[in-house]
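A short worksheet on the structure shown next.
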Amino acid sequence: MVNSRAWLAEAIATFGLVFFGPLSVILAAAWYGNGLSTEAVIFISLAHGGVIALMVYTFGHISGAHINPAVTIPMMITKKIGVKDGIGYILFQIIGAVIATATLAIIFPEIGKQVFWGAHGGPSEIINGSVISAVVLEIIFTFFLVVVIFMTAVHKKAPKSVYGAAIGGMVFLLHLIGVPLTGASMNPARSFSPALISGDIGLWEVQWIYWIGPIIGGIIAGVLMTYIYVNKAEKEV
């Protein structure tokens, strides 16, 4: 039996991420210019971490607040969620993301276009434009994001009062480090919608990085945490 209310929760939560997160990128461009100043990176990181923490606390008890196909896929593989619901989650995450970017494009048609409404543009010059390095970094970033999710939100012995803060805090850290390197996606839906709405060819050429990297990293983390820690805790409860 599918849970359509949870699907809607995923759409709303992902809308929140893909509206407020990229909005911080647009505002950073307006205030600090299109370059990645220290102030801009901190501002963008706080916005992404903050909205994730709030959405997790708001919808965690409804859908688990995955907000990310790279979280839902490991949840499906480890049987924390059914396949039908998992597919519904991913579809509604993407729908919520696309609506969010379309909304930003309507509200901020000029300055938003300068930064492609918060799109991830591929590997930076810091890593010499290496797509391999970008994929590896996205794998590592998403690995640690999903580790935190499984060990706080999924693990039966974890204190549930802090899981939103822990997940939001990790998202903040990953953006603080990752924005200057890959743009810090860790989320295919978050990367897909700006590329779709902008229609920019360059963004589509690097789009695969933000699917392959996060999904691989998420699966590795989800499987390892489940079979080493989570399953053991469930047997002891």
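Screening the candidates Ala70, Ala53 for the property of being in a helix (DSSP H, G or I), surrounded by fewer than 22 Cβ atoms within 10 Å (Cβ to Cβ) and either β-branched (Val, Ile, Thr) or within 14 Å of the chain's Cα centre (by Cα) (or both) yields one hit, Ala53. Residue count for the stretch 120-164, restricted to those that are touching a Ser or Thr at 6+ places or on another chain (Cβ under 9 Å) and among the acidic types (Asp, Glu): 1.
Within the stretch 73-95, take every residue that is part of a helix (DSSP H, G or I) and of a type in the set (Gly, Ala, Ser) and give me the one that is nearest to Val135 (Cα to Cα). Spell out how you get there, then give the answer.
The initial filter retains those residues of the stretch 73-95 that are part of a helix (DSSP H, G or I), namely 73-77, 83-95.
Still in the running and of a type in the set (Gly, Ala, Ser): 86, 88.
Values: Gly86: 24, Gly88: 26 Å.
Step by step, filter the stretch 73-95, then rank; the result is Gly86.
State whether one or more residues within the stretch 72-92 are over 20 Å from Gly178 (Cβ atoms) and touching a Leu at 6+ places or on another chain (Cβ under 9 Å). Yes, the conditions are met somewhere in the stretch 72-92.
Just to be sure before I move on: is Lys80 loosely packed, with under 15 Cβ neighbours inside 10 Å, more than 25 Å from Leu203 (Cα to Cα), more than 17 Å from the chain's Cα centre (by Cα) and among the charged types (D, E, K, R) in the structure I sent?
Values: loosely packed, with under 15 Cβ neighbours inside 10 Å: no; more than 25 Å from Leu203 (Cα to Cα): yes; more than 17 Å from the chain's Cα centre (by Cα): yes; among the charged types (D, E, K, R): yes.
Spelling it out, it is not the case that Lys80 is loosely packed, with under 15 Cβ neighbours inside 10 Å, more than 25 Å from Leu203 (Cα to Cα), more than 17 Å from the chain's Cα centre (by Cα) and among the charged types (D, E, K, R).
Which residues, counting only those in the stretch 57-67, are of a type in the set (Gly, Ala, Ser) and not in a helix (DSSP H, G or I)?
Here is the first cut: in the stretch 57-67, the residues of a type in the set (Gly, Ala, Ser) are 60, 63-65.
Scanning the stretch 57-67 gives Gly64, Ala65.
Restricting attention to the stretch 107-134, the residues being surrounded by 21 or more Cβ atoms within 10 Å (Cβ to Cβ) and either part of a helix (DSSP H, G or I) or of a type in the set (D, E, K, R) (or both) number 2. Listed by first and then second residue, the pairs with beta-carbon distance under 6 Å, at least 6 apart or on different chains, first residue in the stretch 111-129 and free of Cβ contacts under 8 Å to residues at least 12 places away in the same chain, second in a loop (DSSP other than H, G, I, E, B), are Gly129/Pro123. Across the stretch 154-190, the number of residues qualifying as over 13 Å from the mean Cα position of the chain (by Cα), surrounded by 17 or more Cβ atoms within 10 Å (Cβ to Cβ), at pLDDT 95 or above and among the small types (Gly, Ala, Ser) comes to 2.
Check whether at least one residue in the stretch 77-84 is out of contact with any helix residue (DSSP H, G or I) (no Cβ under 9 Å at 6 or more places or on another chain) and either over 21 Å from Ile209 (Cα atoms) or modelled with pLDDT of 95 or more (or both), and report yes or no. Within the stretch 77-84 (the criterion being out of contact with any helix residue (DSSP H, G or I) (no Cβ under 9 Å at 6 or more places or on another chain) and either over 21 Å from Ile209 (Cα atoms) or modelled with pLDDT of 95 or more (or both)), the answer is yes, since at least one residue qualifies.
The values are calculated or read from the model by the stated rules, or taken from the named source; none is laboratory data. This structure is a prediction, so every number in the text was calculated from the model and none was measured. Here the Cβ is made from the backbone with ideal geometry for all residues, glycine too, and neighbour counts use every protein chain on show.
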